[in-house]
1. Sorted by mean Cβ packing within 10 Å, highest first, what order do the peptides 446-455, 616-625 take?
2. Roughly how far apart, in whole Å, are the Cα centres of the stretch 228-251 and the stretch 470-502?
3. Mind giving me the FRET efficiency for K553 and S494? R0 is 35 Å, r the Cβ-Cβ distance, nearest 0.05 is fine.
4. What FRET efficiency do you get for R153 and A92 if R0 is 35 Å and r is their Cβ-Cβ distance, rounded to the nearest 0.05?
5. Which lysines, on any chain, are close to K553 with Cα under 17 Å apart, when same-chain ones fewer than 8 places away are left out?
6. What is the gain in length, in nm to one decimal, between L48 and E227 on full extension, counting 0.36 nm per residue of separation less the C-alpha to C-alpha distance?
7. Mind putting a number on the dipole of the chain about its Cα centre? Charges go on the C-beta only, +1 for Lys and Arg and -1 for Asp and Glu, and I need it in Debye to the nearest 20.
8. Between the stretch 399-448 and the stretch 330-345, how far is it from one alpha carbon centroid to the other, in angstrom?
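None of the figures in this text is laboratory data; all of them are computed from the coordinates on show. The structure displayed is predicted, hence computed values, not measured ones. Cβ sites come from the backbone with ideal geometry, for glycine too, and all protein chains shown count toward neighbours.
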Amino acid sequence: MLAAGFATLPAAEAQAGPPRLAAPSGCAADPTCALGLERVYGIRPVLLTGGLSALDDGRADIVLTSSIDPGLSRPDITALRDDRGLLEPAPAPFTTRATGELRARLAAASRPLTTLALRGLNERVQDGERPAAAGADLADGNGLGGADPSGPRVTVGGDTALAHYYAQALRGDGYRATVGRHATVTARAPARPVFAIKRAAGIRTLSAFARHWGRTAHAAADPLEDEQWAVSEHSVLDLPGAWQLTQGAGTVVAVVDSGTRLDHPDLAPNIWTNFNEIPGNGVDDDGNGYVDDVHGVDLTSTSRTQNLNDGDGHGTHVAGIIAAAANGRGVVGVAPKAKIMTVRVLDDQGAGTTGGVAEGIRYAAANGARVINASLQGDTPDPRLNDAVAAAAAANALVVVSAGNGGRDIDQRPSYPASIPAPNLISVAATGPLTGKTLDSYSNYGRLTVGLAAPGGMILSTTNDGGYGQKSGTSMAAPMVAGVAALMVASNPSISATDLRSQLLQRAGRASLPVAGGYVDALDAVLSSATAVGYDTTQPPQIKVLRATTQRKRTQLQVAVLGSTQAIRSYRVTLDRRRRSTVRARRAVFSVTVRRAAKRVRIDALDGRGKRITSTTKPVRKQRAGKRGVKTGHGVGT
């Protein structure tokens with residue numbers, strides 16, 4: 001099996017026949033597509049329709065897509081450089097009939113629209129977010145939102161996320177900007193066509209592809225789903241029915257573990273990307289305290305760099321159980337369209353510290369993970385773990401942990417973090433193959449402490465050599481539950497972490513096992529979550545500022561809104577008693593960046609008439625670099 005997801009290119013022989021090109025319709029007559037490839041690069045391709053998925057299923061050798069396609073951020077995809085000038089440059093991001101100040105304001109709003117930022121915007125819309133919310137969030141995140149406008153009227157054409165981005169930015173500059181017809185401004189993505197391939201050694205340009213494309217060995221993997229007893233129709237997990245309702249799209253699951261084989265062919269399509277961070281520039285672009293955390297963070301050392309490689313193999317196996325892609329090859333995960341955020345806290349020997357795990361849970365919650373899987377254990381409590389789980393609760397994240405592999409009752413002899421009592425934490429015991437209804441002998445248990453039982457014995461998943469293999473343990477059972485939780489979030493994004501936990505327990509299959517709930521039931525859990533009305537939604541609205549930091553004359557806020565939020569139409573941000581911005585109501589947890597340093601922030605939730613519903617204040621602290629306590633605390637392992 002080919003290692004590292006790279007194709008090996010022999011020096012002499014080339015494959016017979018033309019390359020297969022997946023492209024939009026009309027490519028055959030397009031001078032920048034098929035005709036241009038033949039004229040400029042001497043390539044006469046076989047044409048078919050499709051996108052990057054055609055590379056995954058082996059139908060195509062090369063794909064024509066857009067530079068803002070979020071799939072180009074995958075670690076196994078290479079965007080080829082057009083080294084002979086075939087493709088046209090990216091268009092201007094906007095056109096306008098106006099001149100002078102408006103044009104200057106639009107130019108300023110265009111500066112944050114990097115290719116990576118546009119990919120993030122595109123991904124959010126693909127995941128089902130409304131264009132208005134996605135565009136406004138991007139503007140607010142770059143400090144471009146503003147107070148109530150009273151200036152000239154401007155209409156931005158097109159009901160797209162980009163149009164709403166420009167409208168929100170212009171409102172911040174005082175314009176009464178709306179999105180609709182009869183446009184003063186027409187927004188368009190500064191995107192350009194890009195040819196992309198599955199990453200191959202030595203191929204970075206179209207010229208190199210023209211010389212060597214045919215030397216890639218195509219070895220299709222045999223589907224292994226039939227060998228995954230836990231995902232079969234007759235398993236206690238009951239996954240096939242749940243997949244008819246959702247496959248986890250739009251949900252981020254953090255794997256707090258030993259790292260991930262990012263370019264594994266079954267994982268690369270679902271690797272989370274931090275679109276606010278520019279890769280490899282050595283700068284903390286998003287101001288979260290971590291440098292170059294593009295696909296996650298490495299907390300096994302205090303180095304500023306991020307090494308997410310999985311030397312132990314445990315984290316890659318866990319990641320595959322959660323979200324191996326349904327791509328016609330290898331295995332399939334419980335939530336095959338969820339995203340995996342890598343939080344490396346265990347070294348190449350599978351060892352770590354409670355300090356590193358605590359920071360990993362905090363990082364995951366602060367950076368958008370709705371579900372956090374921690375398949376690890378230790379025998380000594382650490383208050384920092386409890387605090388981190390509480391911080392995850394404030395950010396509406398469910399923490400799923402393994403019960404441990406000591407074969408003991410952890411009601412009597414605790415294991416951590418499994419024994420932490422928290423409304424957003426659930427621990428999982430492991431059942432064996434065949435019926436999947438019997439606890440494996442190694443599995444810890446506890447009627448008070450352990451919430452659920454899930455398949456954990458002889459689980460086939462992804463390995464860190466690019467292949468597939470079996471592992472057993474409660475470490476394999478926890479990601480089964482984490483995957484089900486991701487399906488639940490995808491079916492009801494507004495569900496709270498507390499309600500996720502309660503629905504998992506209430507909808508578990510009945511069992512005589514020594515656990516609190518029973519067997520995890522994917523179908524019943526997803527059905528219940530889709531229509532769940534939780535306790536939080538019946539309570540008065542409450543605002544919490546989860547993070548308020550200042551860096552480089554910018555104040556960055558992470559805000560959570562709990563309770564019944566239907567009446568909230570906007571939020572007013574006041575820094576040091578000076579009103580700085582008004583942002584529209586959005587998701588339960590959102591971020592705002594204001595271009596001004598401050599010592600204290602106040603957030604007011606407003607109704608449709610601008611009347612205050614509730615408010616909160618919080619001191620602003622200077623942003624500190626992360627990784628300060630990752631080498632401290634007690635030992636943990638798999």
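1. Details: 446-455: 25.5, 616-625: 13.3.
So the order, starting with the most tightly packed, is 446-455, 616-625.
2. Centre-to-centre (Cα) distance: 12 Å.
3. Values: r = 35 Å, r/R0 = 1.00.
The value I calculate is 0.50.
4. Computed FRET efficiency for R153 and A92: 0.95.
5. Reachable lysines: K599, K622.
6. On the way: separation 179, 0.36 × 179 = 64.44 nm, distance 3.24 nm.
Gain on stretching L48 to E227: 61.2 nm.
7. Working: 71 positive and 55 negative charges, 750 e Å.
With Lys and Arg at +1 and Asp and Glu at -1, about 3600 debye.
8. 22 Å
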